[in-house]
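Asker: Sending over a structure as structure tokens; questions will come in a sec.
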Amino acid sequence: MAGPLNPKSGRPGATRRTAVGLILGAPLLGACSSVQQSLSSFSNPFSSSEPAGPQQQPLAVGSGQVKVGLILPLSAAGNAGVAAQSMKNAAEMALAEFQNPNIQLLIKDDAGNPQGAQQATQQALDEGAEIILGPLFAVSVPAAAQLTRARGVSMIAFSTDSSVAGRGVYLLSFLPESDVNRIIEYSAGTGKRSYAALLPENAYGNVVEASFKQVVARRGGRIVAFEKYGADRAGAARTVAQALGQADALFLADDGDAVVGMADALTAAGSNLKNIQLLGTGLWDNPRVFASPALQGGLYAAPDPAGFRSFAGRYRAKFGAEPVRTATLAYDAVALVAALARTQGGQRFSPEVLTNPSGFAGIDGLFRFRADGTNERGLAVMRVESGGSRPVAGSPKSFGA
């Protein structure tokens with residue numbers, strides 16, 4: 001694997017790896033869960049009833065020759081605007097830490113809606129943007145993609161809804177499919193063959209269901225019990241509890257509060273969860289899960305937290321505040337385009353370069369884009385322990401074929 005691209009680091013003694021944020025795969029150089037907490041609403045996981053603020057003025061950051069559009073809901077209400085500002089800060093931080101990047105960020109506010117995204121994208125393209133980073137929300141991606149596809153310009157969006165990915169539209173986000181694949185592949189590798197599952201009846205649950213059934217079948221496993229639930233968990237819990245004696249593992253994919261509630265419902269239905277391996281997704285990265293006696297020893301897939309801890313420390317030093325969990329996406333997107341602008345010449349943002357099978361290494365570990373616009377991430381397997389979690393299987397250092 002080629003060496004890191006060495007952004008500047010303001011911390012004495014920082015290693016090149018920590019300082020970098022992004023490494024390119026060796027073939028490319030020729031010579032490398034909290035974030036999902038609200039994914040039940042894919043189109044806008046930061047929805048708010050508060051009125052939006054005034055639209056923010058466009059901003060150009062950096063003086064490089066390669067222009068890059070960054071589309072964020074900066075004036076959106078509530079948590080959406082907070083997340084957007086944190087992602088903007090992270091993007092500027094990546095630009096500052098990268099040594100002499102030849103890019104200029106054209107930062108545009110889309111107000112968190114499709115019309116704003118289309119207008120912001122049009123402005124960025126008219127100003128010469130060679131690639132678009134964003135939008136954040138699924139509902140805004142198709143509106144912006146109409147324009148980028150017409151110009152033959154690639155887009156790296158931040159939505160978690162894989163249905164908006166496609167030709168020329170790549171998602172740099174934490175997709176539930178990666179979590180499911182990692183945790184089921186890991187459990188199969190430890191000898192688990194029979195699975196029970198309880199999933200929420202919502203968009204997130206539907207995506208997880210498809211991935212779960214696919215990977216279990218691929219690994220030659222069987223599903224002995226499968227239920228989905230709405231507000232009433234008790235009935236689904238009773239049905240699955242009756243079949244747990246035939247299962248090696250129980251897969252629970254929901255956010256922290258709901259997973260704790262389901263564990264309690266299963267216990268009330270007579271299940272002894274100490275006798276079965278509990279499995280989950282990145283949504284388990286939650287203090288409620290860590291504090292639950294019933295969930296101790298459960299395993300879930302998530303990025304190795306060490307990368308985010310290092311990033312968050314640098315972010316706090318620079319901005320005096322905590323970053324939102326999605327801020328690393330903006331950092332990695334800017335680090336990626338800066339690296340490609342430096343090394344890949346005129347083909348820097350072409351599909352062939354972006355879908356390099358060796359992938360890239362960012363704050364949250366390895367990632368690579370697939371031709372269909374979705375991504376694959378190299379995730380760790382974390383074990384729930386009182387007050388926190390620890391990795392039992394680290395993130396992979398490279399992707400298989």
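Asker: Calculate the dipole size of the stretch 244-401 relative to its Cα centre from +1 charges on Lys and Arg beta carbons and -1 charges on Asp and Glu beta carbons; express the result in debye to the nearest 20.
Answerer: 660
Asker: Further question: 5 Å is the cut-off here: which amide hydrogens, built 1.01 Å from N in the peptide plane, fall below it relative to A393, excluding neighbours closer than 5 in sequence?
Answerer: Answer set, sorted by chain and number: V381.
Asker: Here's a follow-up. Can you pull the percent of the stretch 196-298's accessible area that's carbon plus sulfur, 1.4 Å probe, other chains left in place?
Answerer: It is 46 percent, rounded to a whole number.
Asker: Another question, then. Please compare each pair in K318/K397; K228/K397; K67/K88; K274/K397; K192/K274 to a cut-off of 25 Å on the Cα-Cα distance and tell me which ones are over it.
Answerer: In this structure, K318/K397; K228/K397; K274/K397 lie more than 25 Å apart at Cα.
Asker: Given an 8 Å cut-off on Cα distances and at least 6 residues of separation, report the relative contact order of the stretch 161-243 as a percent.
Answerer: 31
Asker: What are the ³J(HN,Hα) values, in whole Hz, obtained from phi via the Karplus relation 6.51 cos²θ - 1.76 cosθ + 1.60 with θ = phi - 60°, for each residue of the stretch 174-185 in sequence order, with x given for Gly and Pro?
Answerer: 9, 7, x, 4, 5, 4, 5, 4, 5, 6, 6, 4
Asker: About its Cα centre, how strong a charge dipole does the stretch 313-370 have in debye, to the nearest 20, once Lys and Arg get +1 and Asp and Glu get -1 at the Cβ?
Answerer: Here the size comes out at about 120 debye.
Asker: Given Cβ point charges of +1 (Lys, Arg) and -1 (Asp, Glu) and nothing else, what value in debye, to the nearest 20, does the dipole of the chain about its Cα centre take?
Answerer: The calculation lands at about 1080 debye.
Asker: Positive end of the dipole of the chain, charges at C-beta (+1 Lys, Arg; -1 Asp, Glu), about the Cα centre: which of N181, A269, G166 has its Cα farthest in that direction?
Answerer: N181
Asker: Now a separate question. With θ taken as phi - 60° and the coefficients 6.51, -1.76 and 1.60, list the Karplus ³J(HN,Hα) couplings across the stretch 69-78 in order, rounded to whole Hz; mark glycine and proline as x.
Answerer: In residue order, the calculated couplings are x, 10, 10, 9, x, 5, 9, 5, 6, x Hz.
Asker: Now, a different point. For a quick check: with amide H placed at 1.01 Å from N, whose amide H comes under 5 Å from L279's, ignoring anything fewer than 5 positions away on the same chain?
Answerer: Long-range HN contacts for L279: L250, F251, L252, L299.
Asker: Quick check on the chain: helices-only [θ] at 222 nm, where DSSP H runs of length 4 and up contribute -39,500 (n - 2.57) each and the sum goes over total residues. Nearest 500, please.
Answerer: After summing the helix terms and dividing by the residues of the chain, the value is -11000 deg cm²/dmol.
Asker: Which whole-Hz ³J(HN,Hα) couplings does the stretch 344-351 yield from phi under the Karplus relation 6.51 cos²θ - 1.76 cosθ + 1.60, θ = phi - 60°, glycine and proline marked x?
Answerer: The phi angles translate into 10, x, x, 9, 4, 10, 6, x Hz.
Asker: Scan (i) 314; (ii) 176; (iii) 133 for the value of volume of the Cα convex hull per residue in Å³ calculated from this model and give just the label.
Answerer: Computed from these coordinates, volume of the Cα convex hull per residue in Å³ corresponds to label (iii).
Asker: Using amide H atoms built in the peptide plane, which far-off residues or other-chain residues are under 5 Å from V66 H to H?
Answerer: Long-range HN contacts for V66: I103, Q104.
Asker: Let me ask something else. Please sort 207-216, 311-320 by packing, taking for each peptide the average over its residues of neighbouring beta carbons within 10 angstrom, highest first.
Answerer: Top of the packing list down: 207-216, 311-320.
The values are calculated or read from the model by the stated rules, or taken from the named source; none is laboratory data. Worth saying up front: this structure is predicted, and the values here are computed from it rather than measured. We place every Cβ from the backbone using ideal geometry, glycine too, and count neighbours over all the protein chains shown. What goes into the accessible areas is simple: the full protein's heavy atoms, side chains included, and nothing from ligands, DNA or RNA. Shrake-Rupley method; radii C 1.70, N 1.55, O 1.52, S 1.80 Å.
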